[in-house]
Each structure stands twice: as C-alpha cells, then as structure tokens.
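Novice: The structure under discussion is supplied below as structure tokens; questions concerning it will follow.
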Amino acid sequence: MVWHGLLSGIKPILADNFNLSVDNFPEFKETGLESCTIRVVAETDLDAILQIEKECYPLPWSFQQFVEELENPVATLLVGEIENRIVGYICYWLVAGEMEILNLATAAEFRRKGIAAELMTQAFNRCPVDKLSSAWLEVRAANQSAIALYRRSGFNQSGVRKGYYRDGEDAIVMVKIFNQQKSQEQN
C-alpha cells in the first residue's frame, strides 16, 4: 500500500517510547522475548494493526476508521512492539478529563503476557494526573477474558448497553475512577 500523503494533517507524533524490562514480565523470559516498547503509532504501523484487528474482532474496524482516529485531535493510538513486530495497540480519546478506550487488542500469540495491561497503563500515564478523572469503555458481554483484564486494571461495571454491537450482542460499560480521594476532599 502507498501511504504517502494519505494521512496529511495528522497531529505531530510524539517521540515518547516506553521500554518494558523483561524483569517486570516473567512471561517474556519464558518465551525468550527481550523487551517490549510502547510507542505512538506511525502511519506505517496501520497494516500490522489491521491484521491484529481482523484476528481479534468479529466486526473489525476498517482502514478508514483507523485513519480517522489518527486525524482526530482528541485521539491517541499507541502500539506495543516486540523485536520490531507490532503485537498490540490501544486507541483512546481524552476529552474533558474523561478517557474513552475505543479499541484495545493484542495479537493472539502474545496474549496473557501483560501487553494489553501495559498499553492501558501507559495510556493512563500519558494523561495529566490532575486532568484525568475517569476512564470508560464498552466490552462485549461474552468477552470474559477482556472483562477480567479490565477488572484487574481497576474498572468496575457501570451498566449494560443492550444490543450495542451490530450483531446484536450486549456491551458491558466499565468505568475506572481516578483521583476519587481528591474529588471527595473538594466536596
């Protein structure tokens, strides 16, 4: 695919890279993987992201949806990369102190290695602490492994959206509250 000029007007890509030490993830030692880098998406990453997207979701995002998020000034996309291979990604919005996680996926052979959790952690860490009040997302009701990951990451169920997905499946709405103690002190 030719990418030149396709994504003109994209916000500047930040040079923030986060290297994860193998010492923090014993599973990487078992697989022989040396490190994972979390970084901002580059336009050249879209083919790999789309491949993971199609492998993970019954109704995957289109190429155009990812392009629109790259062009969206409130959106951020991060990837996890191991040995020059994209193994996961997260797409989120930050608006008025609320983070909405729109998409999070990990390549099948790299699941249960802490990559999705680290992508979320890095997304939270990139937000100004005093400006992030909550994060929320929708997850398919049948996706028990994702629901368990979100619970381990501090999310709680706050509702259900009946028939939310195009195929009629319900979505569980989950929320994580930040700075709850600060907001209670201000009241």
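The numbers here are math on the coordinates, done by the rules we state, and not lab data. Being a predicted model, the structure only gives us computed values, none of them experimental. Methodologically, a virtual Cβ is constructed for each residue, glycine included, from the backbone with ideal geometry; neighbour enumeration extends over all protein chains shown.
Novice: For the range 64-105, what mean projected area does the convex hull of the alpha carbons give, in nm²?
Specialist: If you wrap the Cα atoms of the range 64-105 in a convex hull and average its projections, you get 3.3 nm².
Novice: Follow-up question, since we're still on this one. By average Cβ neighbour count within 10 Å, what is the ranking of 155-168, 120-133, 85-98 from highest down?
Specialist: Details: 155-168: 12.4, 120-133: 15.8, 85-98: 18.4.
Packing order, densest peptide first, comes out as 85-98, 120-133, 155-168.
Novice: For Asn179 and Leu59, what is the calculated FRET efficiency with R₀ set at 35 Å and r taken between the beta-carbons, to the nearest 0.05? Before the final figure, lay out each step's value.
Specialist: On the way: r = 34 Å, r/R0 = 0.98.
The calculated FRET efficiency here is 0.50.
Novice: On a full-extension model of 0.36 nm per residue, what is the gain between Arg151 and Glu83, subtracting their alpha-carbon distance, rounded to one decimal in nm?
Specialist: Here the answer is 21.6 nm.
Novice: Give the shape of the range 85-187 as rounded, prolate or oblate, defined through the alpha-carbon gyration tensor: a ≥ b ≥ c are the square roots of its eigenvalues, a/c under 1.5 means rounded, and otherwise the shape is prolate if a/b is larger than b/c and oblate if not.
Specialist: oblate
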